[in-house]
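Here's the structure, in structure tokens; my notes come after.
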Amino acid sequence: MDEIWLQVLVALIAGAAGAGVVLAVRRRGVPEEPAEAVVAADPEPLPRSEPDGWEPFVQHCEQAVRRACRAVEAVSSLRARNLLRTVVRRMDAELPSLRVFAELGRGLGSAPRDVEIARRVRAELTAAEQRFAEVTAEVLDLVEDTDPQRVQQLRCRFPLVKPLSAVLPEPVGQSC
């Protein structure tokens with residue numbers, strides 16, 4: 001038993017000595033530059049990009065999912081929590097589709113066909129944002145009093161986002 005304590009003591013002393021050596025070397029090794037030299041050496045700041053009109057739709061839906069998730073995780077009943085998690089997971093599974101819509105919107109130009117597609121994409125993102133908010137409000141309501149029948153009705157409202165093919169006016173591969 002005494003041998004173990006001796007080994008622990010030796011390890012502690014060796015660790016402290018090693019840490020002291022490292023600190024001493026770090027203090028001596030690299031002289032610090034004045035703050036002015038560091039600022040002067042930095043490259044020019046990146047130009048600010050113009051505001052993205054597509055990202056807020058996705059962000060609002062992500063926030064709705066996070067809000068619903070936090071509320072569901074606070075439910076004390078395991079059965080109720082598991083029921084509501086299925087809804088939140090379905091909401092979360094639709095976020096990549098929203099990101100695709102936003103990316104499509106960003107990539108569109110000013111051609112008449114692009115303007116029409118942008119209008120449709122924006123309408124779908126607006127509708128999806130509203131549907132996500134409604135489902136989140138209902139989940140928050142169900143957190144207070146979980147009714148399995150209402151949860152099932154809520155699950156039947158999915159998908160919240162239309163498929164991309166339903167939003168585009170015609171197949172993309174065809175010419176105008």
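Some values worked out for this structure:
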{"item": "With 5 Å bins from 0: P(r) over segment 80-176, alpha-carbon pairs, percent", "result": "2, 12, 22, 19, 13, 10, 9, 6, 4, 2, 0"}
{"item": "Label-point gap, in nm, between Ile4 and Arg70 - each point 7 angstrom along Cα→Cβ", "result": "4.6"}
{"item": "Rounded accessible area per residue of segment 57-176, 1.4 Å, Å²", "result": "57"}
{"item": "Stretchable slack from Thr86 to Glu116, in nm (0.36 nm times residue separation minus alpha-carbon distance)", "result": "7.2 nm"}
{"item": "Contour excess over end-to-end distance, with Cα ends at Arg106 and Gln149 and 0.36 nm allotted per residue", "result": "11.5 nm"}
{"item": "Point-to-point label distance, Phe158-Gln130, nm (Cα→Cβ direction, 7 Å offset)", "result": "2.3"}
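The values are calculated or read from the model by the stated rules, or taken from the named source; none is laboratory data. Everything quoted here is computed from the prediction, not taken from an experiment. Note that each Cβ is placed from the backbone with ideal geometry, even for glycine, and that neighbours are counted across all protein chains shown. Quick note on the areas: whole protein, heavy atoms, side chains included, nothing else; ligands and nucleic acids left out. Shrake-Rupley method; radii C 1.70, N 1.55, O 1.52, S 1.80 Å.
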